[in-house]
Every structure is written in C-alpha cells, then in structure tokens.
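The values are calculated or read from the model by the stated rules, or taken from the named source; none is laboratory data. Everything numeric in this text was worked out from a predicted model, so none of it was measured. Cβ placement follows ideal geometry from the backbone for every residue including glycine, while neighbour counts extend to all protein chains displayed. Side chains are part of the model used for accessible areas, which takes the heavy atoms of the whole protein and leaves out ligands, DNA and RNA. Shrake-Rupley method; radii C 1.70, N 1.55, O 1.52, S 1.80 Å.
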Amino acid sequence: MTQLISERELPSAAAEPRTDAGGDIVKMSARGVNVYYGDVHAIQDVSLEISKDEVTALIGPSGCGKSTLLRCFNRMNDDIVGCRVTGDIRLDGEPIADSEMDVVELRARVGMVFQKPYPFPKSIVENVAYGQRIHGLAKKGAELDAVVENSLRGAGLWDEVRDRLDSPANSLSGGQQQRLCIARALAVNPEVILMDEPCSALDPIATAKVEELIDELRGEYAIAIVTHNLQQAARVSQKTAFFHMGELIEFGSTSEIFTNPKIQKTNDYITGRYG
Amino acid sequence: MTRTFDPVIRELRDMLLQMGSRSEAIIEKSFRALEKRDRKLADEVITDDLEIDRLDVEIDSAILQALALNAPVAGDLREVFGIKMIATDLERVGDLARNIAKSARRSAERTPLATPPTLEEMARSAIDQLRRALDAYARSDVEAARAVLDDDDRVDAQEDEIIVQELTEIANDSEVAPQAVDLILVAKNLERVADHATNIAEDVILIAEARNIKHASKLGAVS
C-alpha cells in the first residue's frame, strides 16, 4: 500500500503541548485526512483531535469510516492492500508518516485493542510479556514480573489471575481475555490506546468491567474508541465524533452531542431515526 | 421511518395533554364554586383532583419505563424530561384547585362577600396562562411559550391589588375578615397557577431549544 501524506507546510513539533478549543491537551490530531480503498473514497477530508486524559468516541452507522479512521492513528491501514491515506496525522505534533517515525515504535506508543479478544496461544504471563520482548524492552526476572503485574493490575485483571499466571490465556473468559489484550497493550507503555468495538463480543457484566477500566485508564492515556453502542459512547467518553458515509458530521463534547446535537443528521442518528 | 420509541412518546404526550385539560377544567370549576357559593361543585373538585393524581402516577410509571427500555437521548430525552416536569406542575395545579375549593366551601357557609372584579380577572388570566402554556407544548410553539412568560407580571400585579383591597375591607369591617382572608388565599392560589403556567412555558423552550431559562434573571444577577 502507498502511504501519502501531503507536504503542505506544517508547524514544527511544538515545544509546548498544543491545546484544543476547550483547553484540553491534544495528543493526536488528524487534518484533512482522506482514505481510499482503490476507487472507494472511504474517509473524506476528516479533521479531529484526540486529547490527553480523555476518551474520544467515534460513532456512526456501519461503513461510515470510523474504524478506518481509527486505524489511521497507528498506521494499521499500511497493511491493507490497495488502501491509500492522505492528509496529516500527528502524535505530539510529529507527523506519524514521517520517514523518521518507526511504525513499530508508533504502534508501541499508540496501542490497539480489537473487537474480538485475540490472546496469543500462550500463557497469561507470556501474553503480557510478549510486547516487552518484541519492542526490545525485554527485562528479566523481577523487573519483568513487575511489568506483568502492573499491566494486569492496570487492566483490572490481576486479582483474578495472580494465582494462575502460567495457565493458557484461552482458558480465560471472553471478558477476561479482552482485559488481557488491554494489559498486553499497556505493557509497552503506550501513550494512546485505540479501541475498535472492544465490548461488542462481551456480555453486560464483562462490558461493565471494561467500561470501568476505560474510565480508569483515561487518567493516564488518550483513548479513542469506536463503538456501535451509543449508550456506551455516552457512558465512557468525554468527546464524541459522529461519522456518516466517510464524513465527520459533528464533533463535540459527549454531553452536548447526546443532549443537544447541533446537526440534524446527528440528532436523527442518535435518536434512531436512521442508521 | 417509525421508531419503536415513537408510540412511547406519543402515549406520554397524550397522557400529559389529558392531564393538562383536566387541570384547566379543575381550576375553572373551583373558581366557579367560589363565585356561585356552590358546595357541591367544590366537592366535585376534590374528586376531580384524584383523577389528576392518578394520571400523575401513571405518567411517572410510563416515564420510568421509557427511560429503562428506550434510553432516549437529545430531543427525545428533553421531551421525556419535560413531560415529567410539566406533569409535576399540573399535579400542583390540581392541589391549588383543591385549595380554592376549600375556600369556596368555607365561603358558602358565611355571609357573602362580593367577589372583587380583579379576582375574576385574575382567575381568567391564570386560566388563560395555563391554557396557552399547554397549547404551546402541544404545538411545540416556542414563541407562544415566550408570550406566556411575558404575561406573568400581570397576574402578580393583580394579586397585589387584591391583597390591598381585602386588607382595606378588613380595616373597614373586621367582621368580614374570614371571608376577606379566603379571597386573599384564592388570589395566592391563582398566582401560583400562573407560576406553574410559566414553568410549563419554560419547559416548552427547554424541550424545543435545549435552553434552560429557569431562574435566568436571578442566576444572571448573581453570576
């Protein structure tokens, strides 16, 4: 695939963190982003910001481009044949498509959690330690044990698995497996966590635990979550972006979007009039 | 496209409008009972109020169900919230009518004291305010709701006038004090009816425009 990032003049990496209109520190930004799958124009001139210490929810009907945009933030679309991305996406003011930006390092800084939990066919402890190894952060002994414990604690799973760390990861329940995947993402010290419908395969109790976890994690990470569950978006996020047919229709504070959306299309979607 | 929520909100609106028309009627009836010194009519008000209370309980239950099963958002949520607020106001209007009916019953047993023309005007104004606020809700008419808010001062002025008049009556002849006090109480109750009409008008604006203008002048003065 080709990754094209426009060469228009861009501010140099800011020494001071950039803030958005509401004064929140911008962690990642997308400016004029377009994504094409062959001839299909999947994302059209989208600009939005993901702020630090906040959860940004991306909502919209199936095929609206929200997952495609999410994948732009850690260049997961690089791996899709025929996919072309243009525009400017930055992490802490640095263009992520810059030749100096190592994509492996980018994905360590911008972790991802998928719809279905895919633990590796290894033990619980190996799943969490895996990222440390592939990113060359591998530590041994007590240091690695501490990373594993902190990550599992961070994912709210430690108390449930501490006595069976060597058990196969696939022996865990679906909800536990998803939290294990979150622990695996946390183990490489990310700054941003992207979540693509992380609860869609989980039951309500497991969903509640993951949502609680998202709320705890937002104090330390910038989080972007794609969800079809509007109530989940309302519960877990501080900002919401509504997409329709590849366009960003409305982006604002979640409380505004869910009580008084400014655009009729947003209102119609969230009140179930179409979508 | 018909949503599963559409019949739910329609039913809530119907129940509220039914409660509204009963509230208008009960206030009219209570004032008529006072004017005509009609004990039977006053007793009917007490019974009619029970029906308003029953509708209030029904609306509460339907709202809880709508929130639990439909999780409304945006305009839908504002309307459900607004319906709850308006129902509470209408339930209070029923209570105020009951108070007026009690005054009517007492008056019927005493030497008559002429109903002051200002009180009749005030009753017409308060009932008119309530009717217009409910019409504004039924038609989602924000301009009509604003007009209700603009007229609130008139009822307040009428209440002040009646208090002065009745205090003068008492000063002139202390024998009429019980009747005069009841007329003041009726004026107070009518003034409260107009206040509830104002609240309803504010809810219409909240539902339509997502702007909460309650206590705006007081809060604006503080901030």
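Among the residues of the stretch A:248-275, the ones that are within 19 Å of the chain's Cα centre (by Cα) and open to solvent by 50 Å² or more (accessible area, probe 1.4 Å) come to 1 in all. Checked against the criterion of being touching an Asp or Glu at 6+ places or on another chain (Cβ under 9 Å), open to solvent by 30 Å² or more (accessible area, probe 1.4 Å) and part of a helix (DSSP H, G or I), the stretch B:109-119 has no qualifying residue. Applying the criterion of at least 3 residues that are away from every other protein chain (no Cβ under 14 Å), farther than 19 Å from A:Cys64 by Cα and in contact with an Asp or Glu (Cβ under 8 Å, 6 or more places away or on another chain) to the helices (runs of 4 or more DSSP H) found wholly in the stretch A:171-275 leaves A:174-186. Residues in the stretch B:23-32: is at least one touching a residue at least 40 places away in the same chain (Cβ under 8 Å), over 17 Å from B:Leu130 (Cα atoms), part of a helix (DSSP H, G or I) and not hydrophobic (A, V, I, L, M, F, W, C)? No - not one qualifying residue is present in the stretch B:23-32.
Against the test of being open to solvent by less than 50 Å² (accessible area, probe 1.4 Å) and either at pLDDT below 95 or touching a helix residue (DSSP H, G or I) at 6+ places or on another chain (Cβ under 6 Å) (or both), the options A:Arg75, A:Arg107 yield a single qualifying residue, A:Arg75.
Is there a residue being more than 14 Å from every other protein chain (Cβ to nearest Cβ) and either free of Cβ contacts under 8 Å to residues at least 60 places away in the same chain or not in a helix (DSSP H, G or I) (or both) anywhere in the stretch B:74-87?
Going residue by residue through the stretch B:74-87, those that are more than 14 Å from every other protein chain (Cβ to nearest Cβ) are B:83-87.
Filter again for either free of Cβ contacts under 8 Å to residues at least 60 places away in the same chain or not in a helix (DSSP H, G or I) (or both), leaving B:84.
Within the stretch B:74-87, one or more residues are more than 14 Å from every other protein chain (Cβ to nearest Cβ) and either free of Cβ contacts under 8 Å to residues at least 60 places away in the same chain or not in a helix (DSSP H, G or I) (or both).
For beta carbons closer than 7 Å, sequence separation of 6+ or different chains, a first residue in the stretch A:77-90 that is of a type in the set (Ser, Thr, Tyr) and a second that is open to solvent by 30 Å² or more (accessible area, probe 1.4 Å), the qualifying pairs are A:Thr86/A:Leu4; A:Thr86/A:Ile5; A:Thr86/A:Ser6.
Among the residues making up the stretch B:189-223, those that are open to solvent by 20 Å² or more (accessible area, probe 1.4 Å) and either charged (D, E, K, R) or at positive phi (or both) are B:Arg192, B:Asp195, B:Glu202, B:Glu209, B:Ala210, B:Arg211, B:Lys214, B:His215, B:Lys218.
Conditions tested, residue by residue: (1) assigned to a loop (DSSP other than H, G, I, E, B); (2) over 24 Å from A:Ala208 (Cα atoms).
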site	(1), (2)
A:Gly136	yes, yes
A:Ala146	no, yes
A:Gly156	yes, no
A:Leu165	yes, no
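From the list B:Asp182, B:Asp195, B:Asp203, B:Asp160, the lone residue that is over 22 Å from B:Leu34 (Cβ atoms) and in a helix (DSSP H, G or I) is B:Asp203. Each residue in the stretch B:131-149 was checked for being under 16 Å from the mean Cα position of the chain (by Cα) and either of a type in the set (Val, Ile, Thr) or open to solvent by 50 Å² or more (accessible area, probe 1.4 Å) (or both), and 5 pass. I'd like the full set of residues that are farther than 21 Å from B:Val204 by Cα, within 14 Å of chain A (Cβ to nearest Cβ) and buried (at least 16 other Cβ atoms within 10 Å of the Cβ), limited to the stretch B:39-73. B:Asn70 - this is the single residue of the stretch B:39-73 that is farther than 21 Å from B:Val204 by Cα, within 14 Å of chain A (Cβ to nearest Cβ) and buried (at least 16 other Cβ atoms within 10 Å of the Cβ). Can you confirm whether B:Ser174 is among the polar types (S, T, N, Q) and surrounded by fewer than 23 Cβ atoms within 10 Å (Cβ to Cβ)? So B:Ser174 fits the description; yes. Which ones in the stretch A:223-247 are open to solvent by less than 20 Å² (accessible area, probe 1.4 Å) and closer than 18 Å to A:Arg31 by Cβ? Result: A:Ala224, A:Ala241, A:Phe243, A:Gly246.
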